[in-house]
Amino acid sequence: MSKLFINIKELLQVRDEPTLYIAGSEMNILPTLKNAYLLIDQDTIIDYGSMSKLNGITAEETIDLDQKIVLPTWCDSHTHIVYAGNREQEFVDRIYGLSYEEIANRGGGILNSAKKLQDTSEDDLYNQSIKRIEEVILMGTGAIEIKSGYGLTTDSELKMLRVIKRIKQAYPIKVRSTFLGAHAVPMQFKNDKDAYIDLIIEEMIPKISSESLAQYIDVFCESGYFTIEETDKILSAAKPYGLTPKIHVNQFNVLGGVALGVKHNARSVDHLEELDENDIMALKGSKTMPVALPLCSYFLSIPYTPARALIDAGLPLALATDYNPGSSPSGNMNLVVSSACIKMKMTPEEAINAATINAAYAMGIENEYGSISRGKRANFIITKAIPSYQFLPYAFGSDHIDQVYIKGKLINKKP
Ligand code: NIG
Ligand code: FE
C-alpha cells in the first residue's frame with residue numbers, strides 16, 4: 001500500500017546519490033528538505049521533495065504530519081542485546097569503588113554473564129532478548145547488529161546465534177549477526193588460552209559457518225583478553241569462511257588493534273576510547289569505519305572516543321550503543337546522539353550522520369538503510385512537534401519520538 005506523508009517540517013538525511021559513508025568536514029553537512037513530502041510504497045521509499053513540487057502526487061493513504069520532523073531510523077551497529085539476566089550488583093560494586101577490571105578478575109564481568117547464559121534455555125533467552133528488541137525499535141532503531149560472546153562454549157555460542165536468527169526472522173528490523181567467541185577466556189581454559197583459541201578456530205567457526213549464523217567475526221583485543229597475535233590468528237582463520245572482522249579495540253589500552261583491523265579489512269574498529277597518532281594514521285586511506293560507544297564511556301566513567309581528532313583528520317565516525325549488561329545497559333540511540341554532542345563535541349549534523357549513514361556502513365547495509373533515498377527501505381522516525389533537529393540532542397533524556405515506521409509499517413506502542 002502506498003502512503004504519502006505531507007507537510008513535513010524538515011526531512012533529514014536526504015541523499016539522491018548512493019553514499020557509502022561521510023568523512024571529515026563533510027560530516028558537518030546534513031542534507032535536508034524543508035516543508036517536504038515523502039512517498040512510500042510497501043516497504044520502500046519511492047519519492048520525496050518540496051511540498052511546492054507535490055503536483056498531483058497521490059497515494060492510497062495521505063498522512064498530514066503537521067510540521068513534524070522526519071529522519072531515517074537509527075542504525076545501531078554494535079550491540080550485545082542477546083543476554084541472560086543482568087549485572088546490577090556489579091554496578092553497585094563499582095559505586096563502592098571496585099574497577100571493571102577488578103570485577104572481571106573475580107569471575108564477574110563477561111564470565112558472570114556467560115554463566116547466566118549457559119544456564120538459560122534458548123526459549124528463555126529469546127524471550128528476555130525480544131523485550132529489549134521491542135524497546136529499542138520504539139526508541140527509533142531500525143537496524144541492529146547483535147553479537148554472540150556470552151556463550152563461550154560451542155553449544156552456548158550456537159544458542160546465542162540461533163536466538164539472533166530467530167529475532168531476524170520474527171522482527172521487521174534489519175539484523176546483522178557477529179560471532180564473538182573470543183570475548184573472554186572461560187574459567188576452564190584459564191591456564192590454557194591456546195586450547196580455547198583452537199576450539200574457536202577448529203570447532204566454533206566451522207559450525208557457525210555451516211549453519212550460516214554470522215556475517216561478522218569479532219575479538220575483544222585487550223590486555224587480559226586477547227592479544228594482537230591471538231586476534232590476528234582468529235581473524236585469519238575466519239577469513240576463508242567469509243566472516244568479515246568488526247572488532248573491539250582500544251577500550252582500555254592501545255595495543256595496535258586498529259592497524260591490525262585495517263590490515264584485515266575490518267568493516268569497523270569499535271570503542272577507541274584510547275587512541276594515538278598511529279591509530280589515526282592506520283585508518284587514513286582505509287575502508288574501516290571507526291565506531292564510538294559513548295554510553296559505555298558514560299556508564300564506566302572512562303574516556304570518550306576523541307571524535308574531534310578522528311573527524312578533523314578527515315576520517316569518518318559512526319556511533320552505536322554497545323547495549324550489554326556490563327558496560328552499557330542501554331540501547332537508546334537518542335541518548336547516544338546527545339552524548340556525542342555533549343561529551344565528544346560533535347555537532348548535531350555530525351552525530352546524526354554518524355548514527356545513520358555511517359552506522360549503516362559499519363554494519364554493511366548502506367545500500368538499503370541509513371538515509372532517505374529512493375529505493376531504500378521505508379524506515380523512519382517521525383518526531384513530536386519540536387522546534388528544530390538540533391533540539392533532538394539538546395533536550396537530552398526526553399522522548400522526542402512520536403512514531404516509528406519500519407519497512408513502511410507503523411510500529412504501535414504497547415498500551
Ligand atoms: O563492548 N568490551 C567488551 N565487551 C563489552 C562489555 C562486556 C561486558 O562487560 O559484559 C563492551 O563493552
Ligand atoms: Fe561491545
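Since every read-out is calculated from the coordinates, none of them should be taken as a lab result. Since this is a predicted model, take the numbers as computed values, not measurements. Cβ sites come from the backbone with ideal geometry, for glycine too, and all protein chains shown count toward neighbours.
Using 1/(1 + (r/R0)^6) with R0 = 22 angstrom and r between the beta carbons of Ala385 and Lys34, what's the FRET efficiency to the nearest 0.05?
According to the calculation, E is roughly 0.90.
Could you compute how fast the chain diffuses translationally, taking Rh as the Kirkwood radius over C-alpha pairs and applying Stokes-Einstein at 20 °C with viscosity 1.002 mPa s? Give it in µm² per second.
Rounded to a whole number, D works out at 99 µm²/s.
For a quick size check, give me the Cα extents of the stretch 200-317 along its three principal axes, largest first, whole Å.
42, 31, 23
I'd like the antiparallel share, as a percent to the nearest 5, of DSSP beta bridges with both residues in the stretch 1-64.
Of those bridges, close to 80 percent are antiparallel.
Nearest 10 degrees, 0 to 90: what angle lies between the long axis of helix 228-238 and the longest principal axis of the chain (Cα atoms)?
70
Is the stretch 282-396 rounded, prolate or oblate when judged by the Cα gyration tensor, a ≥ b ≥ c being the square roots of its eigenvalues, rounded requiring a/c under 1.5 and prolate requiring a/b larger than b/c?
rounded
Quote the charge dipole size of the stretch 75-362 about the Cα centre in Debye, to the nearest 20; the model charges only the Cβ of Lys and Arg (+1) and of Asp and Glu (-1).
My answer is approximately 680 debye.
For the stretch 85-94, in order, what is each residue's ³J(HN,Hα) by Karplus, 6.51 cos²θ - 1.76 cosθ + 1.60 with θ = phi - 60°, in whole Hz (x at glycine and Pro)?
Each residue's phi maps through the Karplus curve to give x, 9, 9, 5, 5, 5, 4, 5, 4, 5 Hz.
Choose one of Ala313, Asn127, Gly97: the residue whose Cα lies farthest towards the positive end of the charge dipole of the stretch 75-362 (beta-carbon charges +1 Lys, Arg; -1 Asp, Glu; about the Cα centre).
So the residue we want is Asn127.
At a threshold of 8 angstrom on Cα-Cα distance, excluding pairs fewer than six apart, so keeping six or more, what relative contact order does the chain reach in percent?
Dividing the mean separation by the residue count of the chain yields 22 percent.
Amide H of Tyr323 versus every other amide H placed in the peptide plane: which residues, excluding those fewer than 5 positions away on the same chain, fall under 5 Å?
Here His80 satisfy the definition.
Counting Lys +1, Arg +1, Asp -1, Glu -1, what net charge surrounds Leu39 among other residues with beta carbon under 12 Å of its beta carbon?
-1
With an 8 Å Cα cut-off and a minimum separation of 6 or more residues, compute the relative contact order for the stretch 108-214 in percent.
Here the relative contact order equals 28 percent.
Which is farthest toward the positive dipole end of the chain among Asn367, Ala214, Gln118, measuring Cα position about the Cα centre, with Cβ charges +1 (Lys, Arg) and -1 (Asp, Glu)?
With unit charges placed on the Cβ atoms, the residue in question is Asn367.
Based on the alpha-carbon gyration tensor of the stretch 52-140, what equivalent-ellipsoid semi-axes (square roots of 5 times the eigenvalues) come out, in whole Å, largest first?
44, 18, 10
Mind ranking 307-318, 351-362, 43-54 by how tightly packed they are, going by the mean number of other C-beta atoms within 10 angstrom, highest first?
With the highest mean Cβ count within 10 Å placed first, the list reads 351-362, 307-318, 43-54.
Pull up the DSSP beta bridges for the stretch 75-362 and report the antiparallel fraction as a percent, rounded to 5.
In the stretch 75-362, DSSP labels about 5 percent of beta bridges as antiparallel.
Compare Glu61, Glu350, Glu274 in a GNM of the chain, Cα atoms joined below 10 Å, and give the one with the largest fluctuation.
Among Glu61, Glu350, Glu274, the largest GNM mean-square fluctuation belongs to Glu61.
Around Thr62, which amide H atoms from residues at least 5 apart in sequence, or from another chain, sit under 5 Å from its own amide H, with H modelled in the peptide plane?
It is Leu4, by chain and number.
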